[in-house]
Amino acid sequence: MKDYRNEVLAELKKEVSQGIKLAELKKEVSQGIKLPDARQVSFQDYKIDRTITISMKSTAVTENMQADVAAFEAWAVALHHWLGGLDVLLKWEKPTDAQMCEDAATKGHYMRFLFRAQNFSKWFSWFNVLPGANQKEVEAWNLEKTAPLFLNTKSYTRDCCCDKPNDDATENEIECYLASPDGQEKMSKALGWQRDYMLERQIPVGLFKSDPPTRSNALFSHGKSAMDLCAVDGNVANVIELKSFKAKPKMGALSEALLYSEIIRGVQKGQICFTKKNPNVESNFETRLLKTRSVKAYILAPCLHPLLDCDGIFKILNRGPKNNNISVGYLELGSGCSINLKYNANY
């Protein structure tokens with residue numbers, strides 16, 4: 001089946017650069033727009049019945065969601081917005097049993113992909129999964145029937161550096177600073193948190209079938225998998241997905257923020273529980289998180305991918321999952337770890 005990537009790329013570049021006045025900036029932005037690897041992702045049925053199909057190989061659906069080839073949510077929103085409101089259909093090649101048996105992480109990435117696809121298809125009327133085998137795979141993910149599932153609980157003290165990092169700092173160094181009193185004050189001021197808010201970092205996001213969590217009952221890839229920062233402010237959980245100054249802007253940042261929001265909503269609704277093993281005795285963060293009722297997710301980065309850096313993108317995002325109490329925004333990370341709220345997470 002024909003891959004319309006050349007036509008799609010040309011249209012995306014045209015639409016994104018249309019409102020840019022400076023020729024130099026037009027060129028810079030245009031060069032920053034690239035579609036995912038053609039060997040793993042193709043774009044089919046372009047404008048047939050006002051639809052475009054994202055077709056993913058098995059290597060793409062088992063890839064880490066940070067990679068552009070795996071970030072179908074971000075591509076779907078971008079295509080829908082920039083291509084005149086086209087509906088988006090997602091189809092994929094299912095990994096073989098051998099592929100998933102060879103590597104536990106591969107199976108975990110695929111299970112996580114199905115979880116993401118189910119949630120995203122519920123949120124947006126313009127996004128659907130291909131009927132048939134793909135749809136049956138997604139329908140197997142029903143939290144209401146499988147609940148409760150379990151998250152691991154962090155059980156040791158996280159290091160926090162109070163030194164303000166420079167622009168060459170690693171993501172971990174920036175994250176440690178933002179978890180310090182000085183860094184928290186900057187985020188609190190930018191987002192208007194209440195005085196009694198509470199913030200933690202590196203919240204585990206490995207999902208397990210039963211308690212206690214073990215390798216044999218793991219659903220998602222786990223190990224070091226964790227959301228960067230999470231703050232409880234009243235009845236709102238704030239998920240922060242951080243990217244460093246060195247990191248190239250990736251579409252996957254949005255996919256990560258959405259996944260972590262979905263997991264927190266599962267916690268809020270009692271579909272996902274924290275393990276009772278190794279309970280966190282350092283604070284009552286988990287207890288306070290359980291009392292929250294909505295999620296605001298923010299990408300915190302020096303810049304966004306050019307296809308995502310648009311108010312219209314966030315309007316679409318926040319129209320979709322609002323019935324599930326999730327909204328998405330963007331915080332601009334400046335030199336000296338300054339923080340500016342560019343796109344608010346409002347319904």
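Identify all residues within the range 200-236 that are open to solvent by 20 Å² or more (accessible area, probe 1.4 Å), touching a helix residue (DSSP H, G or I) at 6+ places or on another chain (Cβ under 6 Å) and under 30 Å from E185 (Cβ atoms); write none if there are none.
E200, the sole residue that qualifies.
All but one of (1) at pLDDT 90 or above; (2) open to solvent by 30 Å² or more (accessible area, probe 1.4 Å) hold for Y177; state the number of the condition that does not hold.
Condition (2) is where Y177 drops out.
Kindly indicate whether V69 is closer than 21 Å to P321 by Cα, under 15 Å from the mean Cα position of the chain (by Cα) and either surrounded by 21 or more Cβ atoms within 10 Å (Cβ to Cβ) or among the hydroxyl-bearing types (S, T, Y) (or both).
Values: closer than 21 Å to P321 by Cα: no; under 15 Å from the mean Cα position of the chain (by Cα): yes; either surrounded by 21 or more Cβ atoms within 10 Å (Cβ to Cβ) or among the hydroxyl-bearing types (S, T, Y) (or both): yes.
For V69, the condition - closer than 21 Å to P321 by Cα, under 15 Å from the mean Cα position of the chain (by Cα) and either surrounded by 21 or more Cβ atoms within 10 Å (Cβ to Cβ) or among the hydroxyl-bearing types (S, T, Y) (or both) - is not met.
For the range 269-286: of the residues being surrounded by fewer than 20 Cβ atoms within 10 Å (Cβ to Cβ) and under 25 Å from N119 (Cα atoms), which is modelled with the lowest pLDDT? Reasoning before the result, please.
Going residue by residue through the range 269-286, those that are surrounded by fewer than 20 Cβ atoms within 10 Å (Cβ to Cβ) are 269-271, 273, 275-286.
Those left that are additionally under 25 Å from N119 (Cα atoms): 269-271, 273, 275, 286.
Working: K269: 92, G270: 91, Q271: 91, C273: 90, T275: 84, E286: 88.
Looking at the filtered set, the residue picked out is T275.
Please find, within the range 324-347, the residue that is most open to solvent (accessible area, probe 1.4 Å) out of those that are outside any strand (DSSP E or B) and in contact (Cβ under 8 Å) with a residue 60 or more places away in the chain. Give the derivation first.
So the first thing to find is which residues in the range 324-347 are outside any strand (DSSP E or B), and the list is 324-325, 335-337, 344-347.
Filter again for in contact (Cβ under 8 Å) with a residue 60 or more places away in the chain, leaving 324-325, 335-337.
Working: N324: 31, N325: 55, S335: 86, G336: 22, C337: 0 Å².
Filtering the range 324-347 for residues that are outside any strand (DSSP E or B) and in contact (Cβ under 8 Å) with a residue 60 or more places away in the chain, the one most open to solvent (accessible area, probe 1.4 Å) comes out as S335.
Given the criteria modelled with pLDDT under 95 and either among the aliphatic types (A, V, I, L, M) or not in a loop (DSSP other than H, G, I, E, B) (or both), does I52 qualify? Outline the logic, then answer.
Details: modelled with pLDDT under 95: no; either among the aliphatic types (A, V, I, L, M) or not in a loop (DSSP other than H, G, I, E, B) (or both): yes.
No.
Suppose the filter is in contact (Cβ under 8 Å) with a residue 40 or more places away in the chain and out of contact with any helix residue (DSSP H, G or I) (no Cβ under 6 Å at 6 or more places or on another chain); does V295 pass it? Break it down into steps so the answer makes sense when it comes.
On the way: in contact (Cβ under 8 Å) with a residue 40 or more places away in the chain: yes; out of contact with any helix residue (DSSP H, G or I) (no Cβ under 6 Å at 6 or more places or on another chain): no.
The answer is no for V295.
In the range 183-229, what residues are among the acidic types (D, E) and either touching a residue at least 24 places away in the same chain (Cβ under 8 Å) or in contact with a Cys (Cβ under 9 Å, 6 or more places away or on another chain) (or both)? Write out each step before concluding.
Applying the first criterion (among the acidic types (D, E)) to the range 183-229 yields 185, 196, 200, 211, 228.
Those that are among the acidic types (D, E) and either touching a residue at least 24 places away in the same chain (Cβ under 8 Å) or in contact with a Cys (Cβ under 9 Å, 6 or more places away or on another chain) (or both): E200, D211, D228.
Just the residues that are surrounded by 18 or more Cβ atoms within 10 Å (Cβ to Cβ) and assigned to a strand (DSSP E or B), please, taken from the range 187-199.
L199, the sole residue that qualifies.
Restrict the check to the range 313-320 and report whether at least one residue is in a strand (DSSP E or B), open to solvent by less than 10 Å² (accessible area, probe 1.4 Å) and touching a Ser or Thr at 6+ places or on another chain (Cβ under 8 Å).
Going residue by residue through the range 313-320, those that are in a strand (DSSP E or B) are none.
No, the range 313-320 contains no residue that is in a strand (DSSP E or B), open to solvent by less than 10 Å² (accessible area, probe 1.4 Å) and touching a Ser or Thr at 6+ places or on another chain (Cβ under 8 Å).
Within the range 237-254, is even one residue surrounded by fewer than 19 Cβ atoms within 10 Å (Cβ to Cβ) and within 15 Å of K291 (Cα to Cα)?
Scanning the range 237-254 turns up no residue that is surrounded by fewer than 19 Cβ atoms within 10 Å (Cβ to Cβ) and within 15 Å of K291 (Cα to Cα).
Evaluate the range 21-28: report whether one residue or more is of a type in the set (A, V, I, L, M), touching a residue at least 40 places away in the same chain (Cβ under 8 Å), assigned to a helix (DSSP H, G or I) and within 27 Å of K243 (Cα to Cα). Step through it out loud before you land on a result.
Quick first cut of the range 21-28, residues of a type in the set (A, V, I, L, M) only: 22-23, 25.
Among the residues that remain, those that are also touching a residue at least 40 places away in the same chain (Cβ under 8 Å) are: none.
Scanning the range 21-28, I find no residue that is of a type in the set (A, V, I, L, M), touching a residue at least 40 places away in the same chain (Cβ under 8 Å), assigned to a helix (DSSP H, G or I) and within 27 Å of K243 (Cα to Cα), so the answer is no.
Yes or no: S58 over 20 Å from P306 (Cα atoms), small (G, A, S) and touching a Pro at 6+ places or on another chain (Cβ under 9 Å)? Spell out how you get there, then give the answer.
On the way: over 20 Å from P306 (Cα atoms): yes; small (G, A, S): yes; touching a Pro at 6+ places or on another chain (Cβ under 9 Å): yes.
Considered against the rule, which asks whether it is over 20 Å from P306 (Cα atoms), small (G, A, S) and touching a Pro at 6+ places or on another chain (Cβ under 9 Å), S58 comes out as yes.
Quick test for you: out of P95, P131, pick the one residue that is free of Cβ contacts under 8 Å to residues at least 60 places away in the same chain and closer than 26 Å to L149 by Cβ. Step through it out loud before you land on a result.
Numbers: P131 fails: closer than 26 Å to L149 by Cβ.
Only one candidate passes the filter, namely P95.
Go over the candidates W82, W92 one by one and state the one that is in contact with a strand residue (DSSP E or B) (Cβ under 7 Å, 6 or more places away or on another chain) and crowded, with 16+ Cβ neighbours inside 10 Å. Write out each step before concluding.
Details: W82 fails: in contact with a strand residue (DSSP E or B) (Cβ under 7 Å, 6 or more places away or on another chain).
Just one listed residue meets the conditions, W92.
The values are calculated or read from the model by the stated rules, or taken from the named source; none is laboratory data. Here the structure is a predicted model, which is why all the values come from computation and not from measurement. Cβ coordinates were reconstructed from backbone atoms using ideal geometry, including for glycine residues, and neighbour counts include every protein chain displayed. For the accessible areas, the whole protein counts, side chains as well, though only heavy atoms, and no ligand, DNA or RNA atoms are used. Shrake-Rupley method; radii C 1.70, N 1.55, O 1.52, S 1.80 Å.
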